[in-house]
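One structure below.
The values are calculated or read from the model by the stated rules, or taken from the named source; none is laboratory data. Given the structure is predicted, the values throughout are model-derived calculations rather than measurements. FYI the Cβ positions are ideal-geometry reconstructions off the backbone, even for glycines, and counts take in every protein chain you see.
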Amino acid sequence: MMPRIVLAFPEGRHKTLTMSYDDGREADRRLVRIFNDHGVRGTFHLNGGLLGDSGRIGAEEAASLYAGHEIAAHTLTHPTIARCPKETIVHEIMEDRKRLEEITNEPVRGLSYPNGSHNRLIRDMLPHLGIAYSRVVPSTGGFGMPDDWYEWMPTCHHKDRLMERAEAFVELHKRQYLYLMYVWGHSYEFDTDGNWDLIESFCRFIGGRRDIWYATNIEIFDYMQAFERLQFSADCRVVRNPSASSVWLYADDRLVEVPGGAVVALA
């Protein structure tokens, strides 16, 4: 009899939280400290051509500041790229990647659209520019997984009923689903709005929970890709993982880790 196979997040979790903050402003220092204090992780989208400008984090600081999080692209100079020719789009993304990769010493594969600006042409270009996903501005208000990685819609901006949504997320206990809470914003908004207590309260409330996987944007993307690359036998009783990292599955309600490069019996 064919076993019932479903995907789980690492170590059998069914919920994941990720944060996404743009522009690399100096307020990121305080935001990163808050994240680190509570084990919350996320992605910081930087403009490589603006690093070190007034009010912005410099390249020399970025590697240590964002350690444990993801550095991702936000274009070189933050233009409204849907108004730009293709040559400018290529330049803005590739040069941003190059400058950020001097900091990370690894490929930069994530993006958030500057000013939320994108169109089908840009989305179709991104795979050829080494970009694996890109976040948009419109939010879902829900906790579903993305249907289109190049139009990745977050759950909410941090100004949009953040604590109410966090409480609802924590109460999600139906393990037949995978849930994602994705929060985005700009760190300087906490200075402008005088509400650092909001993000501190959020991280204190939602951090340190055993049923939540705290991940960066690219970690979530890569994990889902690793699942899609799994090679199952016709009867789903055996699986081979050609990727380097583990994938966790439930096989007839039994949690199974499928290590990278391994062949595992599921039944």
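List of remarks:
- Glu101 vs. criteria acidic (Asp, Glu) and over 19 Å from the mean Cα position of the chain (by Cα): no
- Odd one out for Ser117 among (1) touching a residue at least 24 places away in the same chain (Cβ under 8 Å); (2) out of contact with any Lys or Arg (no Cβ under 9 Å at 6 or more places or on another chain): (2)
- Residue in the range 193-207 that is among the polar types (S, T, N, Q), modelled with pLDDT of 95 or more, surrounded by fewer than 19 Cβ atoms within 10 Å (Cβ to Cβ) and not in a strand (DSSP E or B) present: yes
- Considered as a group, the residues in the range 178-190 that are of a type in the set (A, V, I, L, M) and in a strand (DSSP E or B) include one that is nearest to Leu7 (Cα to Cα), and that residue is Leu180.
- Filtering the range 154-177 to residues that are buried (at least 19 other Cβ atoms within 10 Å of the Cβ) and not in a helix (DSSP H, G or I) leaves Pro154, Thr155, Cys156, His158.
- Residues that are part of a strand (DSSP E or B) and either of a type in the set (S, T, N, Q) or touching a residue at least 40 places away in the same chain (Cβ under 8 Å) (or both), drawn from the range 46-89: Leu46, Glu70, Ala72, Ala73
- Filter pass, Phe227 being in contact with a helix residue (DSSP H, G or I) (Cβ under 6 Å, 6 or more places away or on another chain) and within 30 Å of Gly116 (Cβ to Cβ): no
- Selected residue (only one of Ala265, Ala251 is over 20 Å from Ser20 (Cβ atoms), over 20 Å from the mean Cα position of the chain (by Cα) and surrounded by 16 or more Cβ atoms within 10 Å (Cβ to Cβ)): Ala251
- Residues satisfying the stated conditions in the range 1-45, i.e. at positive phi and in a helix (DSSP H, G or I): Glu11, Gly12
- Residue ID - surrounded by the fewest Cβ atoms within 10 Å (Cβ to Cβ), chosen from residues in the range 134-150 that are of a type in the set (D, E, K, R) and out of contact with any Ser or Thr (no Cβ under 6 Å at 6 or more places or on another chain): Asp147
- Positions within the range 190-221 being of a type in the set (Ser, Thr, Tyr) and under 19 Å from Pro154 (Cβ atoms), in sequence order: Tyr214, Thr216
- Some residue of the range 227-242 being within 18 Å of the chain's Cα centre (by Cα) and surrounded by fewer than 15 Cβ atoms within 10 Å (Cβ to Cβ): yes
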